[in-house]
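The values are calculated or read from the model by the stated rules, or taken from the named source; none is laboratory data. These figures come from a predicted structure and were not determined experimentally. Please note: Cβ atoms are built from the backbone with ideal geometry, for glycine as well, and neighbour counts cover all protein chains shown.
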Amino acid sequence: MSDPLPREIRCVLVPVGNLRLLLPNATVAEVITQTPPEPVADAPDWLLGRIAWRGWRVPLVSFAHLAAAGEGDAELSVRVAVLKALGGNPRLPFIAVLTQGFPRLTTLNAELIIPTHDGSPLPAGVRAQVLVRDDVAMIPDLEWIEAELLDLLDDSDLAGSTSPGEHSRLPAEG
């Protein structure tokens, strides 16, 4: 009988502020240069606005602000990791996360991911804290982040929304 779960998973460690996010590689759609975000009215400090990406208006999240982590090395290049949303909501197919430097590919199995949580409450948007080889990493709660974004953004702010006579996708660049 075969094991239903893969023995190894290709993952990325995404540097955000003073911490790293651990995500399945398949979640990352693209890493791009940061562009100035379009502000969202009355947004919390962790929602930096929306960016244009491949014709979509994608919410840009600062995970360092969300999880109350340090800002990290200001000398590093700031980029944006565009993530595939997991919730299946057509109004929010992507979420962008501010990152410093490039995500690092790694292949992991269950033995290489060691939970380090001490039982205290985890920061908002964090599902777990783990040790991956020599790196402490946070596994983000992407479903929670998506739900918060859906609550914060009205239909005109969402990537996949439409309004009468106007489609919400921005024209494709090219």
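Within the stretch 37-63, residues that are free of Cβ contacts under 8 Å to residues at least 60 places away in the same chain have Cβ atoms under 9 Å from residues that are in a strand (DSSP E or B) and basic (Lys, Arg) in these pairs: Pro37/Arg50; Glu38/Arg50; Glu38/Arg57; Pro39/Arg50; Ile51/Arg57; Leu60/Arg50, counting only partners at least 6 apart in sequence or on another chain. Only a single criterion out of (1) within 25 Å of Pro123 (Cα to Cα); (2) at pLDDT 90 or above; (3) over 16 Å from the mean Cα position of the chain (by Cα) is not satisfied by Leu48, namely (3).
In the stretch 134-154, which residues are part of a helix (DSSP H, G or I) and in contact (Cβ under 8 Å) with a residue 40 or more places away in the chain?
The first filter runs over the stretch 134-154 and keeps only residues part of a helix (DSSP H, G or I), leaving 142-152.
Residues satisfying the conditions are Leu142, Glu143, Ile145, Glu146, Ala147, Leu149, Leu150, Leu152.
Scanning the stretch 77-120 for residues that are assigned to a loop (DSSP other than H, G, I, E, B) and farther than 30 Å from Asp154 by Cβ gives Ser77, Gly101, Phe102, Pro103, Asn109, Thr116, His117, Asp118, Gly119, Ser120. Can you name the residue in the stretch 109-159 that is in contact with a strand residue (DSSP E or B) (Cβ under 6 Å, 6 or more places away or on another chain) and acidic (Asp, Glu) and is also farthest from Trp56 (Cα to Cα) among such residues? The residue in question is Asp135.
Taken together, Leu149, Leu105, Leu86 contain a single residue that is touching a Cys at 6+ places or on another chain (Cβ under 9 Å), modelled with pLDDT of 80 or more and either surrounded by 17 or more Cβ atoms within 10 Å (Cβ to Cβ) or more than 16 Å from Leu19 (Cβ to Cβ) (or both), which is Leu105.
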